[in-house]
Structure formats: structure tokens, C-alpha cells
Amino acid sequence: MIPDESRTIIGSDGLARPPWAAADPLLQQYYDTEWGMPVRDEQGLFERISLEAFQAGLSWATILRKRPAFRSAFHDFQPDTVAAFTEVDVERLMLDAGIVRNRLKIRAAITNAQATIALRGEGGLVDFVWGFQPAVTPSPQSHAEIATTSPESIALSKALRAKGFAFVGPTTMHALMEAIGIIDTHLVDSHRRGSSGVWTDRA
């Protein structure tokens with residue numbers, strides 16, 4: 001039988017991880033410590049939305065390697081600071097080789113910071129995004145079973161766009177929901193399944 005490369009891989013430490021997290025040490029550390037863990041603070045969530053937007057069309061490994069430079073360039077993704085960026089800052093960022101130099105995505109980060117601030121009057125970004133948590137979470141046996149969008153990510157995308165956010169398409173929002181624990185798409189035999197505490201049933 002040909003092995004299913006979309007299923008978990010047992011690492012040298014004896015732990016089961018999906019293929020995308022099994023080879024690259026940086027991705028493995030991210031998977032073991034961050035991916036799928038709840039993010040419930042405004043600054044942290046704004047950073048994740050921003051980085052997911054910059055990731056569009058690129059690999060997540062690329063974004064992770066550039067994350068320290070992103071944090072420096074965007075002042076740790078403090079919404080109030082980023083919201084005040086001007087075209088001078090856009091040009092500064094376009095010259096920063098440490099980040100992804102995409103003018104539309106840079107401007108989207110500024111726009112999204114301003115939209116984040118505006119949401120404070122309606123309960124805030126965290127409650128808004130987490131309000132799209134589904135009643136149940138997927139239980140994938142293999143990576144092939146994991147969808148790239150969901151009814152909730154489509155609805156979240158539409159709602160955020162209505163609030164003025166940019167680069168928040170359904171696929172990007174689905175990736176965000178996976179990354180911050182709103183859904184648990186760890187494979188059922190992964191050592192991280194259920195680790196967020198949001199979804200206690202590992203099955």
C-alpha cells in the first residue's frame with residue numbers, strides 16, 4: 001500500500017504532526033507552540049489578520065521567517081500606531097527588504113488598523129471575529145479532508161469587508177480561524193489535537 005502523505009508523520013521525538021509541520025524546524029516549532037492556540041487580544045489578533053493577508057499567494061514559512069522584521073516595521077502591530085501610518089510610511093515599508101513589499105497589502109494593514117479601532121465601539125475586534133465560531137469543529141483524518149473555506153469563514157469575510165477590512169477573503173479567514181483556535185483542524189491523531197482547550201473532544 002502506498003503511504004498517505006497527507007496523514008501525520010511521526011517525528012524523531014515520537015510525536016505525530018501533519019506533513020507541513022514535520023520537516024521545517026521553524027514550522028514545527030510554530031505548530032507545536034502557536035498554531036491553533038486561542039488569540040483573544042486585539043493586538044495579537046490584528047497581527048494575525050495582517051500576517052495572513054501578507055501570506056496570500058506565498059508560503060506561511062516565508063511569513064514566519066519574516067515575522068521579526070514585520071513586527072519591527074509595523075511597531076509590533078499596535079493598531080493605533082499602524083492606523084496613523086501615512087504615505088511616507090508606505091514608501092518606507094516598500095523599501096524594507098525584510099518584509100513582503102506589496103503596496104496593496106501594506107495599505108490594507110493600515111486600513112485594517114483603522115477598521116480595528118472603529119470596531120471598539122461595537123465590542124471590539126476579538127468578540128467580532130470569535131462570534132463566528134461554529135457549533136462543531138472538523139475532525140480530519142488526513143490533510144486532504146481539510147476544507148479551505150467554510151460557511152463561517154465566508155460569513156466572517158463578508159462581515160469584515162462590511163466593516164471596512166481588506167484582504168480578508170474566505171480562504172484567508174479560514175486560515176485565520178484555524179490559526180487562532182476558532183476551529184480545530186489538527187488531524188485527529190496529531191499530538192496537538194484538542195490542545196487549544198476550545199474544543200475538548202479530541203475525536
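Whole-Hz Karplus ³J(HN,Hα) for region 137-152, in order, using 6.51 cos²θ - 1.76 cosθ + 1.60 and θ = phi - 60°, x for Gly and Pro?
So the J values, rounded to whole Hz, are 10, x, 10, x, 8, 9, 4, 5, 8, 8, 6, 9, 9, 8, x, 5.
What angle do you read, to the nearest 10 degrees and between 0 and 90, between the alpha-carbon axis of helix 42-55 and the longest principal axis of the chain?
With rounding to tens, the tilt is 80 degrees.
Mind listing the long-range amide H neighbours of Ile9? Cut-off is under 5 Å, sequence gap 5 or more, other chains count too, H placed in the peptide plane at 1.01 Å from N.
Arg17
Hand me the GluC sites (Glu not before Pro) from region 11-107 located in a DSSP loop with no more than 15 other Cβ atoms within 10 Å, in residue order please. Present the calculation step by step, with values, prior to reporting the outcome.
Working: sites: Glu34, Glu42, Glu47, Glu52, Glu87, Glu91; in loops: Glu34.
In loop regions of region 11-107 (DSSP not H, G, I, E or B), the sparsely surrounded GluC sites (Glu not before Pro) are Glu34.
Please arrange Ser153, Ser190, Ser196 by how many other C-beta atoms lie within 10 Å of their C-beta, fewest to most.
Working: Ser153 26, Ser190 23, Ser196 19.
Result, fewest neighbours first: Ser196, Ser190, Ser153.
Please give me the summed charge of the neighbours of Glu47: other residues whose Cβ is under 10 Å from its Cβ, Lys and Arg +1, Asp and Glu -1. Spell out each step's value before the answer.
On the way: positive: Arg48, Arg67, Arg71; negative: Asp41, Glu42, Glu52, Asp76.
Once positives and negatives cancel, what remains is -1.
Once the piece of chain linking Arg103 and Ser142 is laid out straight, how much longer is it, given 0.36 nm per residue of separation minus the C-alpha distance between them?
Value of the extension gain: 10.4 nm.
Over the chain, what per residue volume does the convex hull of the Cα atoms give, in whole Å³? Before the final figure, lay out each step's value.
Values: hull volume 24.4 nm³, N = 203.
It comes to 120 Å³ per residue, whole-number rounded.
With the Cα gyration tensor of region 83-146 giving a ≥ b ≥ c as the square roots of its eigenvalues, does the rule (a/c under 1.5 for rounded; else a/b larger than b/c for prolate; else oblate) give rounded, prolate or oblate? Kindly include the intermediate steps, with their values, before the conclusion.
Working: a/c = 5.16, a/b = 1.49, b/c = 3.46.
Note, shape of region 83-146 comes out oblate.
Could you grab the relative contact order for region 42-179? Cα pairs under 8 Å, six or more apart, rounded to a whole percent. Write down the numbers at each step before the final one.
Numbers: 135 pairs, mean separation 36.1, N = 138.
26 percent.
Helix 103-119 versus the longest principal axis of the chain: what angle, 0 to 90°, nearest 10, using Cα atoms?
90
Read-outs throughout are calculated quantities, based only on the coordinates presented, and are distinct from any laboratory measurement. What you see is a predicted model; the values in this text were computed from it and never measured. When we count neighbours, we look across all protein chains shown, and the Cβ atoms used for this are built from the backbone with ideal geometry, even at glycine.
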